[in-house]
Amino acid sequence: METPILEFVAAYAAREQTRLHMPGHKGRRVLGPEALDITEIGGADHLYPAEGIIRRSEENAARLFGSGRTLYSAEGSSLCIRAMLLLVSRLAARKGRRPRVIAARNVHKSFLSAAALLDIDVVWIMPEEEGLIRCPVRRETLARRIGESEADAVWLTSPDYLGCLADVGELAALCRDHGLPLLVDNAHGAYLRFLPEDRHPLTLGADLCCDSAHKTLPVLTGGAYLHVGRNAPPLFAEEAEEALASFASTSPSYLILQSLDAANAMLAGSLPGQLAETAARVGEMKERLRAKGIPLVGQEPLKLTLAPKRIGYTGVEVGELLAEQGMICEFADPDFVVMMLAPAIGVEAMARLERSLTALPVGQPIEERPPRIGAAERVMTMREALFAPSCTAAPEEAEGKVLVSAEVSCPPAVPIALPGERLTRAHLDAFAYYGISSCRIARE
Ligand SMILES: Cc1ncc(COP(=O)(O)O)c(C=O)c1O
C-alpha cells in the first residue's frame, strides 16, 4: 500500500534546504527524528481539512477499516471523543434540542470535559457491580433507558481498560431499531479489526468510533483514528473534519502522521498475520494461567488482566513483582493488573512473563472489595460546575460538598464522581481506595 506522507517527508528531508518555517529546530538533530518533523508546508497538505497526501493516507486507512470515512488525530482518542460529542450536539441542534446522550458510566475523562463544554445532558447507565472501570450494559437496561429518555445518541466504552468487550453488535441493532446513533470509544481496540474474527465496533454497527492507534498498533503516542460508519447520519461524515478542527491544535505532529501512514502499509501487509499469531499465543497462555488458578478478567485478545486478590495479591503487588524482573505493566490498582501484549513483545518475553506469573506462590485470598458507588445527587449541570467558583479540598473536608472537576486516578481515568454531583461517604472512600488526595469543590 502506498505511503504518501512518509514519501513526501523523506524526499523533503533528503534535500539540502534552509527551513524558514516551523519548527524551530530547523531539522537539526536534538533527539533524533527532527529532520522528519515538519509542519504544514506546501505539498505537505493540512490535517484539517486534508486534501492532499494526508487525505490519500486517510482514504487508505478507511479502506483498511471498512469505514465510510476515517480521519486522523495527532492528539489521541481524547480529541476524537470531543469531536464525536460535538457531532452529536449538532445532530440535536438540528432538531432544536439540548443534546442528550445515554452513556455507560465508565467513560474516559475527556468525555466529561467535552460534555460539560457542550452542555450535554448525560443519562448514565451505572455499573451493576462494584468498581467503576467496568460497566457492562445489558440489552434490556439500554432498551429501558432509551424508552425513558428521548436521547440523541448512545455511548459505549468498549473495550474498557480491563479488556472487557461489550456486545456491540446486539446494542447497535437496538440503537438502529430506535433510530439512535451508536458512538463507541474504542480507544483500546484498533487491532480488533485485523484479527481472524473482526470484532471492531464499526464492523459490528457503530456509527462513530475512535481508536487510539498508538495503544495497540505500532504507532507513535498520540496517533488515533476517528471512523465514521458507512450508514451513519450524513452529518457525521460531512462535519467530522470540522468537528476535529474545533478542538485540535493547528500544528499537528507530522511524526505522528507519518506513523499513521506507515501503519497502513503494515496493516495491508504482514501485521494482521502477526496480530493473529500473537492473539492465539496469548489465548493459549490465558488457558494455562486459568488452569493454574490465576484469576483473569476480560475477553480482549491482546490484553492480559489479572484479578489477583483471590490468590493473595493486590494488583499493585503483582505489578511491583513484575517490575523487579524488568517487566512494566500498563496499569495496576488494588484489584487488577493490566498488561498489553503485542507482536512487538516477542515470544521470549511472553514466555518469561508466563513463567513469572505461574511462579507466584498462592497466598490467602484478600477479602477487601472495591467501594460500590451508586448514583449520586446531581446539584448542578456539568457545564454549571465547569464555571462554578471553586477551591481545592482534602477529601475529608469534602463530604456533602459539590464536586466541580472530574476526579480520576489516571490511568484508567474513569471518574469516581462527576462534576456537579454531591460527594458522599462512598465517593470519599473510593478516593482513598484509589489514592486521590485532593479534589475541587464548589465554593459555598
Ligand atoms: C477508554 C479510553 N478512552 C479514551 C482514552 C484517551 O485516549 P488517548 O490517550 O489516545 O487520547 C483512553 C486513554 O487511556 C482510554 O483508556
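Give the number of residues within the stretch 363-396 that are within 30 Å of residue 98 (Cβ to Cβ) and of a type in the set (Gly, Ala, Ser).
6
Looking at 289, 271, 306 in this structure, which one is within 21 Å of the chain's Cα centre (by Cα) and in contact (Cβ under 8 Å) with a residue 12 or more places away in the chain?
306
Look through 178, 188, 214 and report the one residue that is modelled with pLDDT of 95 or more, open to solvent by 10 Å² or more (accessible area, probe 1.4 Å) and closer than 21 Å to residue 87 by Cα.
178
Of these, 341, 423, which one is open to solvent by less than 30 Å² (accessible area, probe 1.4 Å), over 29 Å from residue 101 (Cβ atoms) and either in contact (Cβ under 8 Å) with a residue 60 or more places away in the chain or touching a Lys or Arg at 6+ places or on another chain (Cβ under 7 Å) (or both)?
Just one listed residue meets the conditions, 341.
Condition test on residue 319, is it surrounded by 20 or more Cβ atoms within 10 Å (Cβ to Cβ) and closer than 24 Å to residue 167 by Cβ?
Considered against the rule, which asks whether it is surrounded by 20 or more Cβ atoms within 10 Å (Cβ to Cβ) and closer than 24 Å to residue 167 by Cβ, residue 319 comes out as no.
Considering 362, 402, which residue is of a type in the set (A, V, I, L, M) and either touching a strand residue (DSSP E or B) at 6+ places or on another chain (Cβ under 8 Å) or under 25 Å from residue 78 (Cα atoms) (or both)?
Being of a type in the set (A, V, I, L, M) and either touching a strand residue (DSSP E or B) at 6+ places or on another chain (Cβ under 8 Å) or under 25 Å from residue 78 (Cα atoms) (or both) holds for just one of 362, 402, which is 402.
Is it the case that residue 84 is closer than 18 Å to residue 257 by Cβ and in the same structural domain as residue 185 (by TED's automatic domain parsing)?
no
Would you mind stating whether residue 205 is over 11 Å from residue 189 (Cβ atoms), within 10 Å of the ligand (Cβ to nearest atom), in contact (Cβ under 8 Å) with a residue 12 or more places away in the chain and out of contact with any Phe, Trp or Tyr (no Cβ under 8 Å at 6 or more places or on another chain)?
No; evaluated as a whole, the condition is false for this residue.
Can you confirm whether residue 143 is touching a residue at least 24 places away in the same chain (Cβ under 8 Å), in contact with a Leu (Cβ under 7 Å, 6 or more places away or on another chain) and either within 16 Å of the ligand (Cβ to nearest atom) or of a type in the set (S, T, N, Q) (or both)?
Spelling it out, it is not the case that residue 143 is touching a residue at least 24 places away in the same chain (Cβ under 8 Å), in contact with a Leu (Cβ under 7 Å, 6 or more places away or on another chain) and either within 16 Å of the ligand (Cβ to nearest atom) or of a type in the set (S, T, N, Q) (or both).
Taking the condition assigned to a strand (DSSP E or B), under 15 Å from residue 211 (Cβ atoms), within 16 Å of the ligand (Cβ to nearest atom) and modelled with pLDDT of 95 or more, does residue 156 pass?
Answer is yes for this residue.
Of all residues in the stretch 183-198, how many are within 16 Å of the chain's Cα centre (by Cα) and either more than 18 Å from residue 264 (Cα to Cα) or within 9 Å of the ligand (Cβ to nearest atom) (or both)?
Number of matching residues: 6.
When you scan the stretch 103-114, do you find a residue that is of a type in the set (S, T, N, Q), away from the ligand (no atom under 16 Å from the Cβ) and outside the structural domain of residue 333 (by TED's automatic domain parsing), even just one?
The answer is no; no qualifying residue exists.
I'd like to check something: does the stretch 363-386 contain any residue that is within 21 Å of residue 162 (Cα to Cα), surrounded by 15 or more Cβ atoms within 10 Å (Cβ to Cβ) and among the small types (Gly, Ala, Ser)?
No, every residue in the stretch 363-386 fails to be within 21 Å of residue 162 (Cα to Cα), surrounded by 15 or more Cβ atoms within 10 Å (Cβ to Cβ) and among the small types (Gly, Ala, Ser).
Considering only the stretch 292-310, how many residues are out of contact with any helix residue (DSSP H, G or I) (no Cβ under 7 Å at 6 or more places or on another chain), surrounded by 20 or more Cβ atoms within 10 Å (Cβ to Cβ) and either in a helix (DSSP H, G or I) or among the charged types (D, E, K, R) (or both)?
3
Give the residues of the stretch 69-93 that are small (Gly, Ala, Ser) and away from the ligand (no atom under 14 Å from the Cβ), sorted by residue number.
The answer is 89, 92, 93.
Residue-wise test of (1) more than 16 Å from residue 116 (Cα to Cα); (2) at pLDDT 85 or above; (3) more than 16 Å from the ligand (Cβ to nearest atom); (4) not assigned by TED's automatic domain parsing to the domain that holds residue 134.
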| site | (1), (2), (3), (4) |
| --- | --- |
| 396 | yes, yes, yes, yes |
| 406 | no, no, no, yes |
| 413 | yes, no, no, yes |
| 417 | no, yes, yes, yes |
| 420 | no, yes, yes, yes |
| 437 | yes, yes, yes, yes |
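Scan the stretch 17-36 and report the pairs whose first residue is over 16 Å from residue 251 (Cβ atoms) and touching a residue at least 60 places away in the same chain (Cβ under 8 Å) and whose second residue is of a type in the set (Phe, Trp, Tyr) and part of a loop (DSSP other than H, G, I, E, B), with Cβ atoms within less than 9 Å and a gap of 6+ or a chain change.
Nothing qualifies.
Which of (1) among the small types (Gly, Ala, Ser); (2) within 16 Å of the ligand (Cβ to nearest atom); (3) at positive phi does residue 32 not meet, given it meets every other one?
(2)
Within the stretch 36-43, is there a residue that is assigned by TED's automatic domain parsing to the domain that holds residue 220, under 30 Å from residue 406 (Cα atoms) and not in a helix (DSSP H, G or I)?
no
Just name the residue that is nearest to residue 263 (Cα to Cα) out of those in the stretch 220-245 that are within 16 Å of the ligand (Cβ to nearest atom) and surrounded by fewer than 23 Cβ atoms within 10 Å (Cβ to Cβ).
Per the stated criteria, the residue is 220.
The values are calculated or read from the model by the stated rules, or taken from the named source; none is laboratory data. Bear in mind the structure is a predicted one, so any value in this text is a computation, not a measurement. Cβ: placed from backbone, ideal geometry, glycine included. Neighbour counts: every protein chain shown. With ligands, DNA and RNA removed, areas are computed over all heavy atoms of the protein, side chains included. Shrake-Rupley method; radii C 1.70, N 1.55, O 1.52, S 1.80 Å.
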